[in-house]
Amino acid sequence: AFIGAVVLMFAALILFSAVKTVVSGFTSIGSTSEKKTEYTEFITPVVVNDPLPFENVQKADNKMLLQSSIWYALRQLDKTEGYEHESDATDKIVISADLVEKAAKELFGNDVKLNLHILSESEGSAIYYYDSIENSFHIARRGIEGPTAVITKIAQKSDYISLIVGYCQEEMSLSSSENNEDACYKFMEYILAIRPDGSYYIRSIRNYTGN
């Protein structure tokens with residue numbers, strides 16, 4: 001009877017272990033899916049500008065940094081409950097340059113330096129321009145055309161996160177878009193540096209040719 005009880009006990013332990021493994025597996029899958037959504041939301045304003053690779057923010061294209069920060073700031077405001085965009089006489093959205101600079105630090109780290117005047121009214125476009133008198137940006141509501149992101153692989157290290165990102169050609173609006181990996185025409189690696197508080201920012205973007 002004692003031996004039978006021991007056998008039953010081990011059988012129960014094996015069953016519990018198997019169930020735990022299965023549950024853990026499903027938890028892991030769900031967690032990965034949630035992370036993909038989180039990271040996609042974070043990098044989308046950058047991906048839409050189709051940036052050239054860079055190893056640190058000082059070597060990144062200044063116009064790309066500025067445009068990405070504008071879209072990141074707009075998307076953050078768009079998620080704020082009760083917030084309504086201010087508009088100018090031509091129905092462009094008006095956003096403070098201070099918010100754009102704050103967004104830049106969230107996206108690219110504290111070392112980022114924006115050249116706001118690169119999108120001055122004379123140098124700007126039909127999509128957006130910088131008003132130095134009001135220290136604000138004026139942005140068209142129609143959105144911009146450019147690639148959107150499909151994250152295919154996530155690898156987390158001790159101090160950074162590696163994302164393999166597929167680029168799909170679609171129009172970006174203030175809301176997120178869902179895309180199919182099969183529609184991607186190229187892939188890049190985004191390296192997110194992890195801050196001490198657990199948040200992260202884009203440290204570098206690299207060409208990716210692996211599987």
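The values are calculated or read from the model by the stated rules, or taken from the named source; none is laboratory data. Since this is a predicted model, take the numbers as computed values, not measurements. No Cβ is skipped: glycine too gets one built from the backbone with ideal geometry, and neighbour counts run over all protein chains shown. Quick note on the areas: whole protein, heavy atoms, side chains included, nothing else; ligands and nucleic acids left out. Shrake-Rupley method; radii C 1.70, N 1.55, O 1.52, S 1.80 Å.
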Which of the residues belonging to region 127-182 are at pLDDT below 85, aliphatic (A, V, I, L, M) and crowded, with 20+ Cβ neighbours inside 10 Å? Met172
Considering only residues of region 37-52 that are open to solvent by 10 Å² or more (accessible area, probe 1.4 Å) and outside any helix (DSSP H, G or I), which is modelled with the highest pLDDT? Leu52
If you go through region 129-171 one residue at a time, how many are outside any strand (DSSP E or B) and touching a Lys or Arg at 6+ places or on another chain (Cβ under 8 Å)? 2
Restricting the search to region 76-106, which residues are open to solvent by 70 Å² or more (accessible area, probe 1.4 Å) and in a strand (DSSP E or B)? Glu86
Suppose we filter region 61-75 for residues that are part of a loop (DSSP other than H, G, I, E, B) and touching a residue at least 60 places away in the same chain (Cβ under 8 Å); how many remain? 0
